[in-house]
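Asks: Below you will find the structure I want to go over with you.
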Amino acid sequence: MEDQRPDPDALLRRVKEEESRQARGKLKIFFGATAGVGKTYAMLEAAHEQQADGVDVVVGWVETHGRAETEALLQGLEILPARTVDYRGTTLREFDLDAALARRPHLILMDELAHTNAPGLRHAKRWQDVQELLGAGINVYTTINVQHLESLNDVVAQITGIVMRETVPDSVLEQADDVELVDLPPDDLLQRLKDGKIYLPEQAKQAIQNFFRKGNLIALREMALRRTADRVDEQMQVYRRDHAVARTWPAAECIMVCVNLKPRGARLVRAARRMAAGLHAKWIAVYVQTSRHLRLPEAERERVSQTLRLAEQLGAETVTLSGDNVSQELLNYARVRNVTKIIAGKPLRARWKEWVFGSVVADLVRNSGEIDIYVITGEAGEGRPLASGVLRRTSTWWAYGQGALTVAGCSLVAWLMFPFFGAANLIMVYLLGVTVVATRYGRGPSVVASVLSVAAFDFFFIPPYFSFAVSDVQYLLTFAVMLLVALVISGLTVRIRQQAEAARQRERRASVLYAMSRDLATHRLLANLTREATRHLRDVFESQVAVLLPDPGGRLILQPGEQVSFTFDHRDQGVAQWAFDHNQMAGLGTETLPGAGALYLPLVGLQGPVGVLAVRPAQPQRLLAPEQMHLLETFANQIALVIERARLAEEAQRAQVQAETERMRNALLSAVSHDLRTPLTAITGAASSLLDHPDALPPASRQELLQAIYEEANRLDRLVKNLLDITRLEAGAVHLHKEWHPLDEVVGAALTRVEGRLRGHPVRTQFPPHLPMVPLDGVLIQQVVINLLENALKYTPPDTPIDLSASATADAIVFEIADRGPGLPPGDEQRIFDKFYRAGPAREGGVGLGLTICRGIVEAHGGRIWAEDRPGGGAVFRFTLPLEGSQPSIEPEQAEPQTAV
Amino acid sequence: MRPAIARESAMAHHDTTVLLIEDEPEIRRFLRTTLPQQGYQLFEAVTGQDGLAQAAARNPDIILLDLGLPDLDGQEIIRRVREWGAMPIIVLTARDQEQVKIEALDLGADDYVTKPFGVNELLARMRVALRHSTRASTETGESVFTLGDLRVDLLRRQVFLSEKEIHLTQIEYKLLTTLVRYSGKVLTHRQLLKEVWGPLHVEESHYLRVYMRQLRNKLEHNPAHPRYLVTELGVGYRLRTE
């Protein structure tokens, strides 16, 4: 028995989808065949029901078309005021997205999903507004007609003869949580139309003639019903998947559509999308960039990238391959990706051309092996209109002139050679000329030069001279061969030239990318990275470039130093922020806020968006050329990864610092709890003994206990003082009161303070009699000396000597304290100054702060403290105090003694 | 240092009245158990206002004043007491408050002890302060001051160390005699400068340090570890008498 439980991965995926859908608002679509079936009416009725249930409903946009029944239904619903947009002298009323986001209703009504917004608004299309509303967690009711669906666009155009400009990606319909079909039989619809319930009477008449023909209505109705049925079918499938009903799991289909230069690319893409949807397959749109591609007019290249963008919008993965053997590249890639079906356009070329130049489709069919090839008809003239006026001639008239001039030059040379050489050699001169023209000026001029060469050869060197007439018919063959050879040479030369140029472009792209990666690899700080990246991009794209990174609040900010190189106002800020928040390109050349002067690309790392790349080109047309865009996107990916890497590194470092701080805190806590408790335990114990048995204790024991209490209390006092000192030092709360002091006086004061604790250590001092005074904070330096003395007392055996001395160098006083103890722990000469460091068991436990305090104070004075092993055993601690400024002057005193005799 | 509590004759301070102005009950309890044992008659005030009232009403022989009172600044109490009274005031301060100590001393406090303090340290300070105050009132003034092997003949202006005469300059001598006059008591830089150099030089404490160093070189066996001329860093100097 085969286990029929659902596949856990598939279930998990479903759960995730549902979760992300829960955060989003819910989308309900009222779906109809045509206008007038009552979608808006149905939507408003549903809205009233919701409102009656206590839901917060707002009408974002409703088009009543003056229909009385519909208008009546608007009563009692809150209507969001429209915003007005001035466009070429007329005032347009549009849906106010920001007001809706600010209002945040639970449910918003958005009529006519396919509507195109007025230029200047944030999104080009209303469905994008709806996406943003959903993203903000607002539920949306909306309406759409079947003919507005992107993938059905062609079919509708075929049936009705009307091309819909306003389309909505199919994915919007698919993502809808609920689709309600609003259906009306064609006859009823026509009746309603005649009654003037849909359009005003004069409009109605026109509409019946054009669009609302019964045949159209039936076809559209069928499409709407079919689409809805598909959706129901899909839901059924999902249900079966969830409940493990499916016995067989369809093998993963993968469809690849070959985008070519023909205008019907869009149609191919839509067909592929339909097929992919039907098969529940993923699909890839592929374009093969040949060396010819670079010679194409910009408009054609733009059409390719538009087609690819359309495919992306329809949910395809898009890939651009490069290579000159198109069918081979396509098949290789298809095999790599396990493609099962390839969709290609039907060749439209004349048959002889196919014989001469070969056919991609034929090659595909022949070599595809196990892959199915679908060949689909195209329809010329369909697709988006080409941008006019950007067609670039491959060669200018100037190049043609140069070609003609070259032929003239060849003729001159041949004329000089004519008396000495035969005609065959003269032909060589012309062929050389053609080759030169082909290399330098391209195909057109070289073809012209070939023809001109033959003509000139005939004119000048074939009898009768200076006439195009030919005396000997044999020469006609000579001309024919000469022309053919010239054309072949020019063709080959041009091709080599194109390949070289393509290679150069690729190399340039690779090298600029490499240059940037190399430079970025040497930087670690985020600020440097962004600066380097923008510098490279500025050079490569000849644009103003800036990298915008989010501040902790998620608001994008210009990196410091870039304010000069990038003009950025609050409007740009809005576009950039949108691009960042929605993880989509925005601004110039895109569908979102295309009116902006700059293009904003989200920088998406592996873990999500890290910032936005802003590019303000000097010449927008050049930047928006597809290969430039691809290059820019490649750059953006690189930069995003690098920034993300830097971010992660910074985060890791911060985490490490935090861990270190945590460790310190723990060390402090354990030190404090241990070192404070030990004396407290001793004190409590001794005091309680004295309290409980005041008379039972012999006097010696009592004395000992009292002594213990006293000493432990002193120790506790010193610990507390050290903790306070280090806290103050670290908080930067220590201010130096520097005054001129003789160092020996400070040392003397310190000795006085510790003299009760010397335990028989002989202290020897050696200070030169004329040691200069040094500016220092007496109290703090005294603390340093005390701590060093206590450290020596702590680690050296009793009765060993402690030597204190000082000397002066040119710019500092060096103080030295040397003991005869065990010396420094090997390798820890520096660590002993670290916080909470303790070298082995000290006789008198401390928190390990004394030396840290010393270092803090000495360094605050601009001095240095270090420790070494002392020759002959023991340790030496030294610190320096800089001698800055001039010694204070003292008025000399008259030498007479005080004795008044 | 062994906490051998000085066992002096309780009768020595039989009629000496002490006013303790201190808000911390622990410290009041500690002094309540020790001072009467030493023969002092102790009065306690918990607030500054109460302290001022009691000082006026009881006119104590000595005041122990905590500087950190909740209601009145300790410095303010010193100022107000000094408006009418000359009894010694010893301030009890926390550590690292050199500036506060100096201010209190310059305002007229006689000495300070730093918390935490041992009782014999406090008793020693009190004895010194009381001795100076009784001498001031009776003005007997001895002509020869002796401390260990140091002997200063104030009448003849001669200084001997282990019976060997030491020659001092005018300023050194003046400095020494000032310290002798207030022996055992801390003197701030300001007070010493004013006494020795005059009121115009009160800010030039490096003068003081230079002469103090000369004086130590002449009078101390080990100037870097002085026995008599003790530095209270950040505050001033003291001629140590015990």
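The values are calculated or read from the model by the stated rules, or taken from the named source; none is laboratory data. Everything numeric here is computed off the predicted structure, so don't read it as measured data. We place every Cβ from the backbone using ideal geometry, glycine too, and count neighbours over all the protein chains shown. Calculation scope for accessible area: heavy atoms of the full protein, side chains included, ligands and nucleic acids excluded. Shrake-Rupley method; radii C 1.70, N 1.55, O 1.52, S 1.80 Å.
Asks: So residue A:703 passes all but one of these: (1) within 12 Å of another protein chain (Cβ to nearest Cβ); (2) under 30 Å from residue B:231 (Cβ atoms); (3) open to solvent by 40 Å² or more (accessible area, probe 1.4 Å). Which condition number does it fail?
Replies: Looking at each condition in turn, residue A:703 falls short on (2).
Asks: How many residues are touching a Leu at 6+ places or on another chain (Cβ under 8 Å), open to solvent by 20 Å² or more (accessible area, probe 1.4 Å) and among the charged types (D, E, K, R) if we restrict to the stretch B:196-239?
Replies: Residues flagged as touching a Leu at 6+ places or on another chain (Cβ under 8 Å), open to solvent by 20 Å² or more (accessible area, probe 1.4 Å) and among the charged types (D, E, K, R) within the stretch B:196-239 amount to 3.
Asks: Of the residues A:437, A:429, A:451, A:470, which is out of contact with any Gly (no Cβ under 6 Å at 6 or more places or on another chain), hydrophobic (A, V, I, L, M, F, W, C) and either surrounded by fewer than 15 Cβ atoms within 10 Å (Cβ to Cβ) or closer than 30 Å to residue A:293 by Cα (or both)?
Replies: That would be A:451, the only listed residue that is out of contact with any Gly (no Cβ under 6 Å at 6 or more places or on another chain), hydrophobic (A, V, I, L, M, F, W, C) and either surrounded by fewer than 15 Cβ atoms within 10 Å (Cβ to Cβ) or closer than 30 Å to residue A:293 by Cα (or both).
Asks: Return the total of residues in the stretch A:578-613 being within 21 Å of residue A:134 (Cβ to Cβ) and among the small types (Gly, Ala, Ser).
Replies: 3
Asks: So, one more: Does residue A:60 qualify as being crowded, with 19+ Cβ neighbours inside 10 Å and farther than 21 Å from residue A:181 by Cα?
Replies: Yes: the conditions hold for residue A:60.
Asks: Considering only the stretch A:697-730, state which residues are under 19 Å from residue A:835 (Cβ atoms) and of a type in the set (A, V, I, L, M, F, W, C).
Replies: Selection gives A:719, A:720, A:723, A:724, A:726, A:729.
This table checks each residue for (1) under 18 Å from residue B:220 (Cβ atoms); (2) of a type in the set (Val, Ile, Thr).
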| residue | (1), (2) |
| --- | --- |
| B:132 | no, no |
| B:157 | no, no |
| B:164 | yes, no |
| B:168 | yes, no |
| B:171 | yes, yes |
| B:192 | yes, no |
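Asks: Which one of these does residue A:516 not meet: (1) in a helix (DSSP H, G or I); (2) aliphatic (A, V, I, L, M); (3) closer than 18 Å to residue A:427 by Cα?
Replies: Of the numbered conditions (1) in a helix (DSSP H, G or I); (2) aliphatic (A, V, I, L, M); (3) closer than 18 Å to residue A:427 by Cα, the odd one out for residue A:516 is (3).
Asks: Right, here's the next one. Identify all residues within the stretch B:215-228 that are outside any loop (DSSP other than H, G, I, E, B) and within 9 Å of chain A (Cβ to nearest Cβ); write none if there are none.
Replies: Matches in the stretch B:215-228: B:216, B:217.
Asks: Within the stretch B:37-52, which residues are surrounded by 14 or more Cβ atoms within 10 Å (Cβ to Cβ) and modelled with pLDDT under 90?
Replies: Within the stretch B:37-52, B:38, B:39 qualify.
Asks: Exactly one condition in (1) in the same structural domain as residue A:188 (by TED's automatic domain parsing); (2) modelled with pLDDT of 80 or more is false for residue A:235; which is it?
Replies: Exception for residue A:235: condition (2).
Asks: While we're looking at this one, here's another question. With respect to residue A:645, is the statement that it is in a helix (DSSP H, G or I) and within 30 Å of residue A:508 (Cβ to Cβ) true?
Replies: yes
One line per residue, one yes/no per condition, for (1) open to solvent by less than 40 Å² (accessible area, probe 1.4 Å); (2) touching a helix residue (DSSP H, G or I) at 6+ places or on another chain (Cβ under 6 Å); (3) of a type in the set (A, V, I, L, M); (4) in the same structural domain as residue A:343 (by TED's automatic domain parsing):
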| position | (1), (2), (3), (4) |
| --- | --- |
| A:267 | no, yes, no, yes |
| A:272 | yes, no, yes, yes |
| A:282 | no, no, no, yes |
| A:297 | yes, no, no, yes |
| A:300 | no, no, no, yes |
| A:305 | yes, yes, no, yes |
| A:313 | no, no, no, yes |
| A:320 | no, no, no, yes |
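Asks: Starting from the stretch B:154-168, take each residue that is at the interface with another protein chain (Cβ under 10 Å from one of its Cβ atoms) and list its partners that are small (Gly, Ala, Ser), counting only C-beta distances under 8 angstrom and pairs at least six apart or across chains.
Replies: From residues that are at the interface with another protein chain (Cβ under 10 Å from one of its Cβ atoms), the pairs are B:157/A:900.
Asks: Would a scan of the stretch A:249-256 turn up a residue that is at pLDDT 65 or above, crowded, with 22+ Cβ neighbours inside 10 Å and either under 26 Å from residue A:336 (Cα atoms) or assigned by TED's automatic domain parsing to the domain that holds residue A:227 (or both)?
Replies: yes
Asks: I'm trying to understand the selection: among the residues of the stretch B:190-214, which are out of contact with any Asp or Glu (no Cβ under 9 Å at 6 or more places or on another chain) and more than 7 Å from chain A (Cβ to nearest Cβ)? Full working, then the answer.
Replies: First pass over the stretch B:190-214, keeping only residues out of contact with any Asp or Glu (no Cβ under 9 Å at 6 or more places or on another chain): B:192, B:194-196, B:198-204, B:208, B:210.
Within the stretch B:190-214, B:192, B:194, B:195, B:196, B:198, B:199, B:200, B:201, B:202, B:203, B:204, B:208 meet the criteria.
Asks: Within the stretch B:132-144, is even one residue within 14 Å of chain A (Cβ to nearest Cβ), charged (D, E, K, R), open to solvent by 10 Å² or more (accessible area, probe 1.4 Å) and in a helix (DSSP H, G or I)?
Replies: Within the stretch B:132-144, not a single residue is within 14 Å of chain A (Cβ to nearest Cβ), charged (D, E, K, R), open to solvent by 10 Å² or more (accessible area, probe 1.4 Å) and in a helix (DSSP H, G or I).
Asks: Would you mention how many residues in the stretch A:726-779 are within 60 Å of the chain's Cα centre (by Cα) and more than 9 Å from every other protein chain (Cβ to nearest Cβ)?
Replies: So the answer is 14.
Asks: Report whether or not residue A:93 is more than 13 Å from residue A:139 (Cβ to Cβ) and in contact with a Ser or Thr (Cβ under 7 Å, 6 or more places away or on another chain). Break it down into steps so the answer makes sense when it comes.
Replies: Working: more than 13 Å from residue A:139 (Cβ to Cβ): yes; in contact with a Ser or Thr (Cβ under 7 Å, 6 or more places away or on another chain): yes.
Criteria met by residue A:93.
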